[in-house]
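Have a look at the structure below before the remarks.
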Amino acid sequence: MKPKERMAIPRHYPKELPPEERITNFKEVTFGFDEETAILEANRCLQCKKPFCIQGCPIHNDIPGFIALLREKKFEEAYWKVRETSTMPSVCSRVCPHEFQCEGACVRGKKGEPVSIGMLERYLTDWMVANGKNMYKECARANGKKVAIIGSGPAGMTVAHLLSHQGYSCTIFEALPIFGGMLSVGIPHYRLPRDIIGAELYALKHCGVDIVYGTTIGRDKILAELKKEGFETAFLGIGAHESRKLGIEGEEDTQGVLHGVDYLRRVLSGEDVTIGNRVVVVGGGNVAIDVARVALRRGSKDVFILYRRTKEEMPASSVEIHHLEEEGVRIEMLAAPVKIHQQDGKMTGVECVRMELGEPDDSGRRRPVVKEGSNFIIEADSIIPAISQKVNHTADKGLQMKIESWGTYRVNPKTLQTSIEWIFAGGDDVLGPQTVAKAIYQGKVAAESMHRYMQGQDLFEGRDLTCYMVDW
Ligand SMILES: Cc1cc2nc3c(=O)[nH]c(=O)nc-3n(C[C@H](O)[C@H](O)[C@H](O)COP(=O)(O)OP(=O)(O)OC[C@H]3O[C@@H](n4cnc5c(N)ncnc54)[C@H](O)[C@@H]3O)c2cc1C
């Protein structure tokens, strides 16, 4: 096929559950491509000599490589091409913010629409499952060395996966009774079905990874004890699970105030959380959007998002914003909460102010400025601030670990070694709240560094991801 012919093929979009049906359940919203659509879409790829898509992918997947195999219908080979670099393509293909990563760098996006790379990756993983193909790599003989991994999110899962496949005896200590970190207690089922996380768990157990649930390191056991128990290295992949507060009157002591990731953790763990019919969610990122969409699915009738800038500045991905609006959530733009009103301790409404956009701030977005005297009240049963998260430092109790001023672990950004020689860290506890693909990449770097550390070699040096942080 000539490049001109490839350029003439329009981008294909997946079918989706209709909005009126999806708000009644947690079923996956987006369907996968069929074979014909996947091949047509793969034919849009220009196989660039300088593939910017690879640079855009935090894990540097060989995207043109797997697409070339896919369009020759070599689906199994194409899947294993992705697995050369990625530990969990079935997760990444569904949740990565492709428009900011691989697809955002695709040259076809400069004059039109990028290749639907995420959907093609998903086609391969779905095809492997549908055709009963082996998706496991071979396990290695035990080498007698023990590694402790704190946290079972994508960073910890990646370290466990890679080191267990090199013969290390890996134990994951997880505070919650559930496996998967934010994949399980943050990202809702309608974006990431739970059998996919289950398959990742099974893959780890397949190579002997031991998972100790309900154990909070720093409270039930401290890292120094693990060292005494013979763990030669430890990886801290504890994420960023502590909600940042709005800091307004009524936030601490009013019934009806819940914080974003706490609400999601409770609902997604199966708890019946009552928040009433009128719900205000504060924030413009993916967490705020997931909170609003979950609240709808849990029966709240009137859910809206309060955001202090405009829709154009929202850090959430455009497809999530589109789904949110389709489902009937209103976005109240250029507004910020200043006080939570209550009667007898129960919330009655949120007092807000109007904002206008001033000069650009450090993030390059225009700074929201309060319009004096613009106060107004929104009556509501609940408010769920979902403005960001920070790291909870229980895990490093008793150790004098160096922490950055914004609360993340101080590491060598290339080797991911912390200020304590035998402890490494990566993912959201190093980068701040970021993405699954970045957590996986740091898991890969840390695993290689830890391996070399245990073999007495110079540590591995990966890319410093703090250089291209995307603000959610
Ligand atoms: C609502 C929501 C939606 C998101 N949507 C997307 C998305 O669409 N795409 C995307 O790429 N990213 C998304 N993210 C971000 C993504 O989930 C995170 O960047 C990623 O999960 C970070 O991985 P991690 O392994 O560093 O930490 P986490 O996934 O947070 O896992 C950390 C684990 O450590 C455990 N832990 C913490 N402290 C201790 C302790 N002391 N002892 C033992 N265990 C401990 C926690 O219980 C948790 O299981 C979303 C996040 C949220 C909250």
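Quick notes on this one:
- Between Ile403 and Ala224, residue separation times 0.36 nm minus the direct Cα-Cα distance comes to 62.6 nm.
- Net +/- balance of residues flanking Gly237 in space, Cβ distance below 11 Å, scoring K and R +1, D and E -1: -3
- Rounded, prolate or oblate (a/c below 1.5 giving rounded, otherwise prolate when a/b exceeds b/c) for segment 161-241 by Cα gyration tensor: oblate
- Structure-based [θ]222 nm, the chain - -39500 (n - 2.57) summed over DSSP H runs of at least 4, per residue, nearest 500: -9000 deg cm²/dmol
- Computed from the C-beta positions of Val129 and Asn392 and an R0 of 45 Å, the FRET efficiency is 0.80 to the nearest 0.05.
- Scanning residues 5 or more positions from His341 or on other chains, those with amide H under 5 Å from its amide H are Thr348, Gly349, Val350, Glu351, with H placed 1.01 Å from N in the peptide plane.
- For segment 58-63, putting each phi into the Karplus relation 6.51 cos²θ - 1.76 cosθ + 1.60 with θ = phi - 60° gives couplings of x, 8, 6, 4, 7, 5 Hz, in residue order, rounded to whole numbers and with x for Gly and Pro.
- Anisotropy class of segment 374-472 from Cα gyration tensor, a/c 1.5 cut: prolate
- Restricting the calculation to alpha carbons of segment 3-130 gives Rg and Dmax of 14.3, 47 angstrom.
- Each peptide in 232-240, 451-459, 55-63, 431-439 gets a packing score, the mean of other Cβ atoms within 10 Å over its residues, and the list from highest to lowest is 232-240, 431-439, 55-63, 451-459.
- Karplus-derived 3J(HN,Hα) values for segment 391-404, using 6.51 cos²θ - 1.76 cosθ + 1.60 with θ = phi - 60°, are 7, 8, 9, 3, 4, 9, 3, x, 10, 8, 7, 7, 10, 5 Hz; glycine and proline are entered as x.
- Dimensions of segment 223-304 from C-alpha coordinates, computed as largest minus smallest value along each principal axis and given longest first, are 54, 29, 23 Å.
- Taking every alpha-carbon pair under 8 Å whose residues sit at least 6 apart, the chain reaches a relative contact order of 15 percent.
- In the frame of its principal axes, the chain has Cα extents of 66, 63, 42 Å, reported largest first.
- Summary of packing: across the peptides 278-291, 33-46, 365-378, the per-residue average of other C-beta atoms within 10 Å ranks them, highest first, as 278-291, 33-46, 365-378.
- Sites matching trypsin sites (Lys or Arg not before Pro) across segment 209-255 that sit in DSSP coil, with at most 11 neighbouring C-beta atoms within 10 Å: Arg219
- Around the amide H of Ile331, modelled in the peptide plane, lie the amide H atoms of Ile305, all under 5 Å away and 5 or more residues distant in sequence or on another chain.
- Loop GluC sites (Glu not before Pro), segment 247-276, which have at most 16 other Cβ atoms in a 10 Å radius of their Cβ (DSSP): Glu251, Glu252, Glu271
Any read-out appearing in this document is the output of simple, stated calculations on the displayed coordinates, not a laboratory observation. Nothing here was measured: the structure is a model prediction, and the numbers come from that model. Positions of Cβ are backbone-derived with ideal geometry, glycine not excepted, and every protein chain shown enters the neighbour counts.
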